[in-house]
Ligand SMILES: [Zn+2]
Ligand SMILES: [Zn+2]
């Protein structure tokens, strides 16, 4: 079978790998789609190396169908649609034992260490199956939509930490796939104003389609004025920074109402040094929080929302590539024209 193997930084190779029969407790999955996120690009370019094994198959946003189940597994019939949560927590560390498996210090991640979804087939290790990382999809939606349960699960986690609720005024900075999922969830939660800041036209158009009450191009428009206008000069209840640009953190602090919440959702480059006006946090009693990854429970919630049609996943996928064009697919993530890019390993080469 064909697979995209990361030999090293900037060295992604299409290789023929042997398809192995699943051993005891293992599942063999025929990959339907692997959607791509910025982390894949950072791994490809060698900007992210921790937890990444040289020689691993890339891809961590995965859905497909069961092809074969190893000895000892019951109820995994061939053809069963599945979506796969990529983080396999150790179960034993302090974080795992305190309900924070998303920050597990001993985790193994599919697509970083364990062979991922940019391949025609993937073998899910027995411990990942046993821990519930493989979710049976109740509805056989296109795999590219089910695969989005992974990024959506992170947003489910982030939205909870942002304390968005009915009547909230929300600022979302960055309308890539993550910002657009935050927008959809905020609308579902009953948010009042949702202001989206985003320089790319296509992304602002998507934000409008998903119910943003105002969109601003921060390179030409006045975001501060838009936020103050929408909130009677008070500021938003929750600001969610969905793009890793350090100065945005202070802008978010300035645009949040007294007692409001700022969520640094996006990871920042290097250590993420940012200059913030600490007295604003002090005098306004602001809550500054972060979000990292998701729990399997968040994944279950995200998948359920997609299955139930409460989240528009169809409109999120704008570009599709066969596995043969995987490097082009990953590079497309940087394009201002793309929202979500999917690699479809079953699709014939164009
Ligand atoms: Zn991702
Ligand atoms: Zn752990």
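The values are calculated or read from the model by the stated rules, or taken from the named source; none is laboratory data. Everything numeric here is computed off the predicted structure, so don't read it as measured data. Glycine also receives a Cβ, built like all others from the backbone with ideal geometry; neighbour counts cover every protein chain displayed.
The table for this structure:
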item: Which numbered condition residue 39 misses (of (1) within 16 Å of ligand 1 (Cβ to nearest atom); (2) buried (at least 22 other Cβ atoms within 10 Å of the Cβ)); result: (2)
item: Qualifying residue in the range 259-272 (condition: more than 19 Å from the chain's Cα centre (by Cα) and either touching a residue at least 60 places away in the same chain (Cβ under 8 Å) or under 30 Å from residue 31 (Cα atoms) (or both)); result: yes
item: Subset of the range 23-42 (residues that are out of contact with any helix residue (DSSP H, G or I) (no Cβ under 9 Å at 6 or more places or on another chain) and either within 16 Å of ligand 2 (Cβ to nearest atom) or within 16 Å of residue 62 (Cβ to Cβ) (or both)); result: 28, 29, 30, 39
item: Single unsatisfied condition, residue 1 versus (1) within 15 Å of ligand 1 (Cβ to nearest atom); (2) touching a strand residue (DSSP E or B) at 6+ places or on another chain (Cβ under 7 Å); result: (1)
item: Subset tally (residues that are out of contact with any helix residue (DSSP H, G or I) (no Cβ under 8 Å at 6 or more places or on another chain), under 27 Å from residue 308 (Cα atoms), away from ligand 1 (no atom under 16 Å from the Cβ) and part of a helix (DSSP H, G or I)) for the range 98-150; result: 3
item: Yes/no for residue 52 being more than 27 Å from residue 318 (Cα to Cα), within 16 Å of ligand 2 (Cβ to nearest atom) and in contact with a helix residue (DSSP H, G or I) (Cβ under 9 Å, 6 or more places away or on another chain); result: no
item: The one condition in (1) over 15 Å from residue 116 (Cβ atoms); (2) more than 18 Å from the chain's Cα centre (by Cα) that residue 53 fails to fulfil; result: (1)
item: Unique match (being closer than 30 Å to residue 304 by Cα and modelled with pLDDT of 95 or more) among 224, 237; result: 237
item: Candidate set: the range 24-36, residues that are more than 16 Å from ligand 1 (Cβ to nearest atom) and surrounded by 13 or more Cβ atoms within 10 Å (Cβ to Cβ); chosen: the one farthest from residue 73 (Cα to Cα); result: 32
item: Given (1) away from ligand 2 (no atom under 14 Å from the Cβ); (2) at pLDDT 95 or above; (3) in contact with a strand residue (DSSP E or B) (Cβ under 9 Å, 6 or more places away or on another chain), number of the condition residue 139 does not satisfy; result: (2)
item: Hits in the range 74-87 - residues which are surrounded by 18 or more Cβ atoms within 10 Å (Cβ to Cβ) and more than 16 Å from ligand 2 (Cβ to nearest atom); result: 76, 80, 81, 82, 83, 84
item: Strands (runs of 3 or more DSSP E) completely within the range 194-244 that count 1 or more residues being over 24 Å from residue 160 (Cβ atoms); result: 214-216
item: Those strands (runs of 3 or more DSSP E) lying entirely in the range 276-350 with at least 1 residues closer than 28 Å to residue 120 by Cβ; result: 317-322, 340-344
item: Output for the range 154-192, where each listed residue is part of a loop (DSSP other than H, G, I, E, B) and surrounded by fewer than 21 Cβ atoms within 10 Å (Cβ to Cβ); result: 163, 165, 166, 167, 168, 190, 192
